[in-house]
Amino acid sequence: MAVAARKGWATASPLTSSPMAITTTARPGLLGRWLNRIPLPKWVLIAVGVAVVVLLLLFLICIIRCCCGKKKPKKKERVSLHAVSSSTTASLVQPEMEDLEQGTEQTGRGKLQYSLEYNFRAQELKVGVKQAAELKAMDSGGTSDPYVIVYLTSDMKKRYETKVYRKTLNPVFNESFTFQVPQAEVSESTLVMQIYDFNRFAKHDIIGEVRLPLASVSLQHVIEQWSDLVAASKVEEEHLGEICFSLRYVPSTSKLTVLILEAKKLKRMDSHGLSDPFVKVHLILNRKKWKKKKTSVKKNTLSPYFNEVFVFEVPFSQIQNVDVVISVWDHDKVTKNEPIGKLFLGCRATGNQLRHWSDMLSNPRRPLAQWHSLQPPDVVDKALGLKSHLKLPLPVR
């Protein structure tokens, strides 16, 4: 028993009394060897590891929140004012900037008192400029130097001006002006009264204006009323008139026929409110003046009737290079004739003029008549881009 006990002790002793034998036989992993090399206690390493894990978690949470925060507004953006079918609701919620600007321009300019009286027998319109009140201050001292310009859109050359009243926002004018307006054209005219601030050494500033279409008022009796001033129109559209003519081209004979029929609503050019119109027909070849003819003069009318025909010889090989210029002029015996308006037709034209020209070419030997609106002469001349004023000989066929 003693021997056995000694043998058992001998066999058991290495397991219980020699713990170092286990540690020396088991090889530590790579992480363990790396940690053993760090000269820090284990609890410090554990704390550092926990801190790193916490930071990683916080970083991941921030990324998730940022991503979710970007996606949610996209869902909200889908519901916008554009999805609302009612434009009125949208305008009430968010008005356009242009509306806001116009609203500020239209208010606070003051008001104007005026009178209207039309004499049907003499065909005269008498405009009385009475007074203005609560005008907008245009000068640094809080006042203005107002005066009024009065004209009709049907005859913008004839303008009247009141006297200038110094340093006041409530001027009393009490001036009247008379316009010659035929009864048939009263409904097509608009009365314009513009109040300006006078500046001695600079451009006069416009305070506001009143535009009154005469078709909207009854001139059977005298009218006297107040109207609020509004911002002045930026572009004044001047109506020059309309003209009707027909075109016909026969390729086999090379004949281009221009029939000037009539004109209407022409611009007033004379002091008595009428004009002495006649029509010129120019042929432009390769941007150079080539041929011209003109009608007779019709005295004292804004709606002349001509019914005059002109025939030009234009070879078919040149028809694509030709422009036909129709111009209406006011005849004056003493002074130089003045152009009322122009237009041109050809392959370089646009709009109704190009359509009329194309219809003529696609319908040979057939006269085609059409009305056209006159345009400012300088606009037409610039579009034509004429090179010289020399006539060219007839091209050889």
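The values are calculated or read from the model by the stated rules, or taken from the named source; none is laboratory data. Everything numeric in this text was worked out from a predicted model, so none of it was measured. Cβ atoms come from the backbone with ideal geometry, glycine included; neighbour counts cover every protein chain shown. Calculation scope for accessible area: heavy atoms of the full protein, side chains included, ligands and nucleic acids excluded. Shrake-Rupley method; radii C 1.70, N 1.55, O 1.52, S 1.80 Å.
Considering region 121-147, and only residues there that are free of Cβ contacts under 8 Å to residues at least 60 places away in the same chain, over 20 Å from Asp228 (Cα atoms) and part of a strand (DSSP E or B), the residue that is most open to solvent (accessible area, probe 1.4 Å) turns out to be Lys126.
Conditions (1) within 23 Å of Lys265 (Cβ to Cβ); (2) surrounded by fewer than 14 Cβ atoms within 10 Å (Cβ to Cβ); (3) in contact with a Gly (Cβ under 8 Å, 6 or more places away or on another chain), marked per residue:
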residue: Gln320; (1), (2), (3): no, yes, no
residue: Ile326; (1), (2), (3): yes, no, no
residue: Lys333; (1), (2), (3): no, yes, no
residue: Glu338; (1), (2), (3): yes, no, no
residue: Asn352; (1), (2), (3): yes, no, no
residue: Arg366; (1), (2), (3): no, yes, no
residue: Ala369; (1), (2), (3): yes, yes, no
residue: Gln375; (1), (2), (3): yes, no, yes
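The residues on offer are Glu224, Glu209, and the sole one that is among the charged types (D, E, K, R), loosely packed, with under 15 Cβ neighbours inside 10 Å, at negative phi and assigned to a strand (DSSP E or B) is Glu224.
Answer yes if at least one residue in region 243-258 is open to solvent by 20 Å² or more (accessible area, probe 1.4 Å), modelled with pLDDT under 90, of a type outside the set (Phe, Trp, Tyr) and out of contact with any Asp or Glu (no Cβ under 6 Å at 6 or more places or on another chain), and no otherwise. There is no residue in region 243-258 that is open to solvent by 20 Å² or more (accessible area, probe 1.4 Å), modelled with pLDDT under 90, of a type outside the set (Phe, Trp, Tyr) and out of contact with any Asp or Glu (no Cβ under 6 Å at 6 or more places or on another chain). For the condition farther than 29 Å from Arg159 by Cα and at pLDDT 90 or above, Trp371 qualifies.
Set side by side, the residues Phe312, Phe278 differ, and just one is in a strand (DSSP E or B) and over 38 Å from the mean Cα position of the chain (by Cα), which is Phe312.
Quickly run through region 317-350 and pick out the residues that are modelled with pLDDT under 90 and among the hydrophobic types (A, V, I, L, M, F, W, C). If the condition is that a residue be modelled with pLDDT under 90 and among the hydrophobic types (A, V, I, L, M, F, W, C), then Val334, Cys347, Ala349 are the ones that fit.
Do you know which of the residues in region 148-191 that are closer than 18 Å to Lys267 by Cβ and among the hydrophobic types (A, V, I, L, M, F, W, C) is surrounded by the fewest Cβ atoms within 10 Å (Cβ to Cβ)? The qualifying residue surrounded by the fewest Cβ atoms within 10 Å (Cβ to Cβ) is Ala184. All of Glu185, Glu161 fail the test of being acidic (Asp, Glu) and over 22 Å from Val230 (Cα atoms), apart from Glu185.
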